[in-house]
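Enquirer: Can you keep this structure in mind? I'll have questions shortly.
The values are calculated or read from the model by the stated rules, or taken from the named source; none is laboratory data. Keep in mind that this is a model prediction, so the values were computed, not measured. Here the Cβ is made from the backbone with ideal geometry for all residues, glycine too, and neighbour counts use every protein chain on show.
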């Protein structure tokens, strides 16, 4: 199985900084903005964006108050779990839900920026839009992702993209973050090697397409 | 988890997983829209062969908040009173297309018979079987203790070192049994206080220490005092001379409540016999969790239904 690193820590930081500027620019400032990260890695990215925004925009933390987790921060970042809204529940994949934490202000009339790691089929984002409905009525919902790898199965697009990564559907894109995985990087793992030059382990059999584990494919998009 | 039949089958990790999922469900229950689409299109049958109002309503609310369709089946006035067997009842329901069964039955072990038989292949949740087990009650009790003791840091936590005193009719109580096993799995110490006639005739029933004097037991300063209901319907023998004597020796009276420490929780699975096993003052005390237990019951049952109906479905997977 070939593995290549496509983004390293400085690349990820630069991409997030650019996304932070784009979010402010598109919104003409920080007013009414909220960030909701989709667990687990989207939630980590949302917290990083929150810190970056606090550095670059004085208005961001102007009305600082205890956030959803009780700590004092910008009060503009939370998490949105989409597990219960997925369209593949009950297909033999036991999923434990994660936490949903909504900033004290609520989402009604706000501009909610959903933050996720990898945009793939779009099904996670569809579930997130569904989950938002149960919580309130935002004025607008935008989507920021670190990696857009294509292969959409639903009419969904991101407003802010860290990096477009054209991939094959038998590849797996994984984001690792220091907070959850010990290091910052985006790697592409190849499930089936077509180009012998890319074979890093000669013992790796070049067998025909191996059956895909639905859990792993979903995991890349989760 | 496919079935939930007994808390004795749950490992610590499985139990904590259910409680953690219940935390997320509890968060949903505070929202304006208390509904999740997780079980949309699934049908849950409440199969109740024994009278129950609160447990059935709690399960019904839980299933409906997860968007499942609920069919309530009460044995009274049904074909069961005409002599239909459990097998035929269940196969009839199965032919109508159902995805899960919540079962209460007066015979101990009936849900396990149903889960292990090949009459129908759907998850079975035990909602109380005879004098055997009532696992969701134990889970909601543990959930309530964990929330009161750990607050926002509840997720992932057990109940290590928590000292729980269970008072009353241990002999007939499925709540006591399920709690004793689950609480010990979660690291708590369980002690029973009851007259010898209301205890199983063994040294350490379900691994718990025993007191025959409630005042001695309360002097040990437990973290939780859980009262069991005196079940009039199972009192078909002279277990104690009369209700007033029971109250004097084993009731949580106003005087005993006043002696409890400020942090001691007062729990009761309901329905309460006020003035018999629990004084009105004790039930309405700020340390009492009786109302919270009912609210948490819905969250815990949502977690159990969610995990049972969407979990891994290996055929004939062992319990929990």
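Enquirer: How many residues does segment B:182-200 contain that are farther than 26 Å from residue B:276 by Cα and in a helix (DSSP H, G or I)?
Expert: The number of residues fulfilling the criteria is 3.
Enquirer: Taking segment A:132-144 as the search range and keeping residues that are surrounded by fewer than 16 Cβ atoms within 10 Å (Cβ to Cβ) and within 14 Å of chain B (Cβ to nearest Cβ), which one is modelled with the lowest pLDDT? Lay out the reasoning, then the answer.
Expert: Step one: of segment A:132-144, the residues surrounded by fewer than 16 Cβ atoms within 10 Å (Cβ to Cβ) are A:133, A:137, A:139-140.
Applying the additional criterion that residues be within 14 Å of chain B (Cβ to nearest Cβ) yields A:133, A:137.
Values: A:133: 89, A:137: 94.
Across segment A:132-144, the extreme among qualifying residues is A:133.
Enquirer: Inspect all residues belonging to segment B:109-127 and state whether any of them is out of contact with any strand residue (DSSP E or B) (no Cβ under 9 Å at 6 or more places or on another chain), within 14 Å of chain A (Cβ to nearest Cβ) and in contact (Cβ under 8 Å) with a residue 40 or more places away in the chain.
Expert: yes
Enquirer: Then there is this: Scan (1) within 18 Å of residue B:265 (Cα to Cα); (2) within 14 Å of chain A (Cβ to nearest Cβ) for the single condition residue B:155 breaks and write down its number.
Expert: The one condition residue B:155 does not meet is (1).
For (1) in a helix (DSSP H, G or I); (2) at pLDDT below 95; (3) touching a helix residue (DSSP H, G or I) at 6+ places or on another chain (Cβ under 7 Å), each residue gets a yes or a no:
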site: B:217; (1), (2), (3): yes, no, no
site: B:239; (1), (2), (3): no, yes, yes
site: B:256; (1), (2), (3): yes, no, yes
site: B:281; (1), (2), (3): yes, no, yes
site: B:285; (1), (2), (3): no, no, yes
site: B:303; (1), (2), (3): yes, no, yes
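Yes/no matrix, rows are residues, columns are (1) within 14 Å of chain B (Cβ to nearest Cβ); (2) outside any loop (DSSP other than H, G, I, E, B); (3) farther than 14 Å from residue A:42 by Cβ:
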{"position": "A:108", "(1), (2), (3)": "yes, no, yes"}
{"position": "A:130", "(1), (2), (3)": "yes, yes, yes"}
{"position": "A:146", "(1), (2), (3)": "no, yes, no"}
{"position": "A:150", "(1), (2), (3)": "no, no, yes"}
{"position": "A:166", "(1), (2), (3)": "no, no, yes"}
{"position": "A:183", "(1), (2), (3)": "no, no, yes"}
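Enquirer: For segment B:151-167, which positions are modelled with pLDDT of 95 or more and either assigned to a helix (DSSP H, G or I) or in contact with a strand residue (DSSP E or B) (Cβ under 7 Å, 6 or more places away or on another chain) (or both)?
Expert: The answer is B:162, B:163, B:164, B:165, B:166, B:167.
Enquirer: I'd like to check something: does segment B:41-49 contain any residue that is within 13 Å of another protein chain (Cβ to nearest Cβ) and part of a helix (DSSP H, G or I)?
Expert: No, that holds for no residue.
Enquirer: Here's another thing I want to ask about it. Being away from every other protein chain (no Cβ under 11 Å) and within 22 Å of residue A:89 (Cβ to Cβ) is the requirement here; does residue B:28 meet it?
Expert: Answer is no for this residue.
Enquirer: Name the single residue, out of those in segment B:1-21 being within 15 Å of the chain's Cα centre (by Cα), more than 10 Å from chain A (Cβ to nearest Cβ) and in a helix (DSSP H, G or I), that is farthest from residue B:311 (Cα to Cα).
Expert: Checked segment B:1-21; the qualifying residue farthest from residue B:311 (Cα to Cα) is B:8.
Enquirer: May I pose another question? Give just the number: which of (1) touching a helix residue (DSSP H, G or I) at 6+ places or on another chain (Cβ under 7 Å); (2) within 14 Å of chain A (Cβ to nearest Cβ); (3) at pLDDT below 95 does residue B:319 not satisfy?
Expert: Single failed check for residue B:319: (2).
Enquirer: Can you tell me which residue within segment A:93-118, out of those that are free of Cβ contacts under 8 Å to residues at least 60 places away in the same chain and touching a helix residue (DSSP H, G or I) at 6+ places or on another chain (Cβ under 9 Å), is surrounded by the fewest Cβ atoms within 10 Å (Cβ to Cβ)? Give the derivation first.
Expert: Filtering segment A:93-118 for residues free of Cβ contacts under 8 Å to residues at least 60 places away in the same chain gives A:94-98, A:100-101, A:104, A:106, A:108.
In the following step, the residues that additionally are touching a helix residue (DSSP H, G or I) at 6+ places or on another chain (Cβ under 9 Å) were identified as A:94-98, A:100-101.
Values: A:94: 17, A:95: 20, A:96: 15, A:97: 22, A:98: 17, A:100: 22, A:101: 19.
Checked segment A:93-118; the qualifying residue surrounded by the fewest Cβ atoms within 10 Å (Cβ to Cβ) is A:96.
Enquirer: Restricting attention to segment B:86-105, which residues are closer than 19 Å to residue B:63 by Cα and touching a strand residue (DSSP E or B) at 6+ places or on another chain (Cβ under 7 Å)?
Expert: B:93, B:97, B:98, B:99, B:100, B:101, B:102, B:103, B:104
Enquirer: Another question about this same structure. What do you reckon, is residue B:53 within 14 Å of chain A (Cβ to nearest Cβ) and over 30 Å from residue B:152 (Cβ atoms)?
Expert: Spelling it out, it is not the case that residue B:53 is within 14 Å of chain A (Cβ to nearest Cβ) and over 30 Å from residue B:152 (Cβ atoms).
Enquirer: Can you find even one residue in segment B:86-100 that is modelled with pLDDT of 95 or more, farther than 30 Å from residue B:214 by Cα and not in a loop (DSSP other than H, G, I, E, B)?
Expert: Yes, segment B:86-100 contains a residue that is modelled with pLDDT of 95 or more, farther than 30 Å from residue B:214 by Cα and not in a loop (DSSP other than H, G, I, E, B).
Enquirer: If you don't mind, another one. Could you list, in sequence order, all residues of segment A:65-90 that are in contact with a strand residue (DSSP E or B) (Cβ under 6 Å, 6 or more places away or on another chain), away from every other protein chain (no Cβ under 11 Å) and either modelled with pLDDT under 90 or assigned to a loop (DSSP other than H, G, I, E, B) (or both)?
Expert: A:66, A:67, A:72, A:75, A:76, A:80
Enquirer: Is it fair to say residue A:30 is modelled with pLDDT of 90 or more, more than 30 Å from residue B:3 (Cβ to Cβ) and assigned to a helix (DSSP H, G or I)?
Expert: no
Enquirer: A follow-up question, please. Check whether at least one residue in segment B:150-159 is in contact with a helix residue (DSSP H, G or I) (Cβ under 8 Å, 6 or more places away or on another chain), over 21 Å from residue B:261 (Cα atoms) and crowded, with 20+ Cβ neighbours inside 10 Å, and report yes or no.
Expert: No, the conditions are met nowhere in segment B:150-159.
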